[in-house]
Amino acid sequence: MQHKLYTFIGIGIGPYNLGLAALTEDLEDVDRIFFDQTPQMDWHPGMLIEGTDLQIPFLADLVTFANPKSRYSFLNYLHEHGRLYKFYFFQKMEIPRQEYNDYLQWATDQISGLIFGQRVVDIIDHQDAETPHYEVVIEDQETMETSRYFTKHVVMATGSEPFVLDSTENLREDDVLHTSRYLYYKEQLLNSNHITIVGSGQSAAEVFYDLLEERENKEFHLTWFTRSKGIFQLESAKIGQEFFSPKYVDYFHQLDFEKRKETLDSLDPLRHGVDESTLEGIYDMLYHYSIGEKDPKVTIQPITDVKEIKPSGEFYEIQCEQWQQEESFNYQTEKVILATGYKPNIPQWFLERFENKIHWEDREDLLFKITRHYRLDFKQERDHHFYMVTNIEHSHGTAATNLGLAIQRNMEIINDLLGKEVYQAKGHSIFQQFQHDT
């Protein structure tokens, strides 16, 4: 080839690909580069609420499960910032969200080959070239100029984007906003008279808790609607956590497609829910606000599906249905916060270039077939691979979005990509088995 050929190019620089960059930083004969369209590393800045923690232990950093001696570990971050004793006396396994973001930024400053402000706008598959490879087209987000890079392999980790109701897409963002933008508009929210949160899970609970704390000096009414059957605690029993292990991923991946879809529903208590401490904090605050028969000015109603949100004078009208009783009603509020989750960010160029080249498990829902080691399953066999980290829940279950398994995934990708065992990715034991060992 006349052009430089990278070993692999990473698309997206979130915690997943940042961990991959850390684990390949010192590998010989590995030339890689990563691109991200955002101007800098900033992990969910709209939800870095003071006092909130990650839901997983600090061992699930960027590198520790692969190499506890790595200079990019969270413990080394604490050491270099003189915070080891503070964290020791903090006596928690979980990292505060703000500190996790600071840790990611610290690691980003030290790792080479991370380029921000550059958006991937196309990838051309040169399958029939003398050396099969991919051509990655990049657009500079300031100058809008394009450039091209060439690589043997690609690792795509484009993450997710906010999922919102269709009826809210053209409404004012300072009135109707997704939780991902919460802190940007918090002050405007606090100056309103009625705030309604729509959705369930940890993000909804954290925003509700944060606003409830602000109610100490405010008078607004706070409403929480969720479609789920209830506001339930995240299952955190130790033996249940073993489902977030490589052994379970092995088991899950070999199930047929329909069984995997059914199994995802059964894993909901482990994957979705609210931390016990958050729920207890909410209840304790509500109790104190209600002493002396005072009205806490709070409405909490599960089993309620929000169908549409539309302007109504100075307010917004929420069209709701209590789906268990099949009863519809309208509800008026001043501000709406959508804790409605996220959807996979699948670029249009990906579908245009690869739709007919790969096997699908469900084309309508964009569920492509993925090998156990995270390769896209192409119809025509190849040795220049396209590794997929985005939208793999249907294929790898608990490994799809769990930070604790992200390091394991990166180890497997590195070993598969280089065709040798660079990291020990097998042999991690747990106390359970998920099928009979013969």
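Observations
- Against the main long axis of the alpha-carbon atoms of the chain, helix 403-418 sits at an angle near 20°.
- Taking each of 259/343; 92/247; 238/259; 238/420 in turn, the alpha-carbon distance tops 31 angstrom for 238/420.
- Sorted on the mean count of surrounding Cβ atoms within 10 Å across their residues, most packed first, peptides 60-66, 145-151 read 60-66, 145-151.
- Förster radius 60 Å - calculated FRET efficiency between residue 69 and residue 288 (Cβ-Cβ, nearest 0.05): 0.80
- Of 186/229; 307/369; 152/379; 261/369, those spanning more than 23 Å from alpha-carbon to alpha-carbon: 186/229; 307/369
- Debye-sum result for segment 112-219 in log10 I(q)/I(0), which assumes one identical scatterer on each alpha carbon, at q = 0.09, 0.20 Å⁻¹: -0.46, -1.05
- Centre separation in Å (Cα based) which lies between segment 397-438 and segment 110-168: 26 Å
- Between the C-alpha center of segment 257-327 and that of segment 48-79 there is a gap of 31 Å.
- Per-q log10 I(q)/I(0), segment 135-278, q = 0.13, 0.16, 0.17, 0.18 Å⁻¹ (Debye; single scatterer per alpha-carbon; no solvent): -0.89, -1.05, -1.08, -1.12
- Local net charge near residue 312, Cβ-Cβ under 12 Å (Lys/Arg +1, Asp/Glu -1): -4
- Rounded to whole Å, the principal axis extents of the Cα atoms in segment 289-425 read 68, 38, 30, largest first.
- Within the same chain, lysines fewer than 8 places from residue 310 are excluded, and of the rest, those with a Cα less than 16 Å from its Cα are 335.
- Percent of C-alpha pairs per 10 Å bin in the chain, short distances first: 4, 19, 28, 26, 16, 6, 1, 0, 0.
- Cα-based convex hull, segment 4-92, per residue volume (Å³, whole number): 134 Å³
- Surrounding net charge for residue 15, when Lys and Arg each add one and Asp and Glu each subtract one, Cβ distance under 14 Å: -3
- Computed over segment 40-80, Cα set: Rg, Dmax in Å: 12.1, 32
- Mean shadow area of segment 198-303 over all directions, Cα convex hull, nm²: 8.2 nm²
- Debye-sum result for segment 220-363 in log10 I(q)/I(0), which assumes one identical scatterer on each alpha carbon, at q = 0.15, 0.16 Å⁻¹: -1.08, -1.14
Each reported figure results from applying straightforward, stated rules to the coordinates on display, with no laboratory input. Please read all numbers here as calculations on a predicted model, not as lab measurements. Quick reminder, even Gly has a Cβ in these numbers, built from the backbone with ideal geometry, and neighbours come from all protein chains shown.
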